[in-house]
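A short write-up of the structure that comes next.
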Amino acid sequence: MKADHEKTGLVQIFVSFTKVGAMLFGGGYAMLPLLEREVVDRRKWCRFEEMADYYAMAQLVPGVIAVNTSMLIGHRLRGFWGTAAATLGVVAVPFFVILAYAVAIDRLAGLKLLEDAMAGLRPAVAGMMLGVAFTMFNRSRKTRLGWVVSLLVAFLVLVCGVSAVNVILTGVAAGVIWFAVAAAKKRT
Amino acid sequence: MNLFLKLAYVFFKIGILTVGGGLAMIPIIQHEMVSRGWLDNQQFLDILGIAQMTPGPMSVNTATFVGYRVIDAAHPGSVWIAVAGALVGTLAVCAPSLICINLFGPFWDKNRNHPCMARVFDILRPLVTGLVITAAVLLVLNALWGDSFREVLERMPDYRMFGIVVVSFVLTAFTKFSPVYILLGGAAIGVLSGLL
């Protein structure tokens, strides 16, 4: 696996994640459509399923999900320096934008143009997320386990207000128990 | 303690505690900022709003902003020292991920195909799908009806905003249309409908 990626330049990793970071509105979840275009379609660094796995993995590691996902992909491509390039890339544009805001804070307050743009940006991000949810659910629902778990999780978090962290930890525990039970059965 | 070290420590801690998504972190970050007198509650709400209007994860945005403000307040008039503060905050919040992923990365690569890992991911994949569905539904409700979800029953959403959601959904789900143009298009419609 590593051999195909030996030539992936650190600069290219940095540039690709800078692009993703520059468009990252609406938190870590909104990262998936951006990653799909840049990392899967354009650069072909991994398949959609692998990207979804990195994204799932990123929830388990301490830290910001968007940063974790970028680092995991960077790590796959170039090890330590890949994680560094991906991280610097994904935070670069947000860093300078917030810096500009912090310097000019008093002059920007209540700028109507910004609020209007934001009012249009929000539904665009929401629609993009709905599109990714649709694509992911189309993959998950192919197995019975897949569609039951997806809908159950959505119900628990959305309607019952269960926290995402608890759902993820329960899921990991369920996977380990599933493995242990299957292994015990095989032995007898 | 040196203010830079304190910044690095606080945001490193926030980075470690962030498991499973930034939104769950809001109360913790708020407590850290307010109890230290780095931000008051109003400033914290403002920075949350700004974090949503600008690219980047909320905790990274907060780290950049607070890093700048805290150092700027201590050394007024010297912009470059304050910029260094922003840099320290930003890197500190990312550092736990950098350490964990480089420590566990080789282990994860080696054991990817281990049956136990495979079972965990058989569950995690649809589970994350459920989380993404949840996030999408919440974002749509928030974009069309604002923060009070009771309004869903009481009023129709703005037809322009509803149109943006539908077009953006169709373009993302069924075409390879670039997200940049979808975002720019949405922002442009927002600005235009503000002018009219």
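All of the numbers you see were taken from the coordinates with simple rules; none came from a lab. Because the structure is a prediction, the values reported are computed rather than measured. Cβ placement follows ideal geometry from the backbone for every residue including glycine, while neighbour counts extend to all protein chains displayed.
Listing for the model above:
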| item | result |
| --- | --- |
| Order of B:Ile28, A:Ile65, A:Ile73, B:Ile99 under a 10 Å beta carbon neighbour criterion, fewest first | B:Ile28, B:Ile99, A:Ile65, A:Ile73 |
| Over 19 Å [Cα-Cα, region B:108-196], rounded percent | 59 percent |
| Rounded to whole Hz, the Karplus (6.51, -1.76, 1.60) HN-Hα couplings of region A:133-142, x for glycine and proline | 4, 4, 4, 5, 5, 4, 7, 5, 6, 5 |
| Rg/Rh (Cα only; Kirkwood hydrodynamic radius) as it applies to the protein assembly as shown | 0.97 |
| Amide proton proximity set for A:Phe25, modelled H, under 5 Å, gap of 5+ | B:Gly56 |
| Within chain B, helix-based [θ] at 222 nm, where runs of 4 or more DSSP H residues each add -39,500 (n - 2.57), nearest 500 | -27000 deg cm²/dmol |
| Karplus-derived HN-Hα couplings along region A:175-184 (A = 6.51, B = -1.76, C = 1.60, θ = phi - 60°), whole Hz, x at Gly and Pro | x, 5, 5, 4, 4, 5, 5, 4, 5, 5 |
| Residue of B:Thr129, B:Thr62, B:Thr175 that the Gaussian network model of chain B assigns the largest fluctuation, springs spanning Cα pairs under 10 Å | B:Thr175 |
| Fluctuation leader among B:Ser168, B:Ser78, B:Ser97 - chain B, Gaussian network, Cα springs under 10 angstrom | B:Ser168 |
| Residue mean of other protein chain beta carbons inside 10 Å, B:152-162 | 1 |
| Charge dipole (the protein assembly as shown, unit charges on Cβ, about Cα centre) - positive-most of A:Ile73, B:Cys116, A:Asn166 | B:Cys116 |
| Tail fraction, Cα-Cα pairs, region A:144-188, threshold 16 Å, whole percent | 49 percent |
| FRET efficiency, 1/(1 + (r/R0)^6) with R0 41 Å, evaluated for A:Val162 and B:Val180 via beta carbons | 0.75 |
| Convex hull of region A:62-113 built on C-alpha atoms - directionally averaged projected area, nm² | 4.9 nm² |
| Computed over region B:3-109, Kirkwood Rh from alpha-carbon pairs, angstrom | 14.2 Å |
| Kyte-Doolittle mean at least 1.0 and Cα axial length at least 15 Å: DSSP H helices in chain B | B:3-17, B:79-111, B:115-145, B:159-174, B:179-195 |
| Space enclosed by the convex hull of the alpha-carbon atoms of region B:71-145, per residue, Å³ | 146 Å³ |
| Chain A: most fluctuating residue of A:Leu99, A:Leu113, A:Leu130 per GNM, C-alpha cutoff 10 Å | A:Leu113 |
| Kirkwood-type radius of region A:70-166, with distances r between different C-alpha atoms, in Å | 17.6 Å |
| Loop trypsin sites (Lys or Arg not before Pro), region B:155-196 (other Cβ atoms within 10 Å of the site Cβ: 12 or fewer; DSSP) | B:Arg155, B:Lys176 |
| Rg ratio (alpha-carbon, reference 2.2 N^0.38 Å) - chain B | 1.27 |
| C-alpha center-to-center spacing [region B:109-170, region B:24-70] in angstrom | 24 Å |
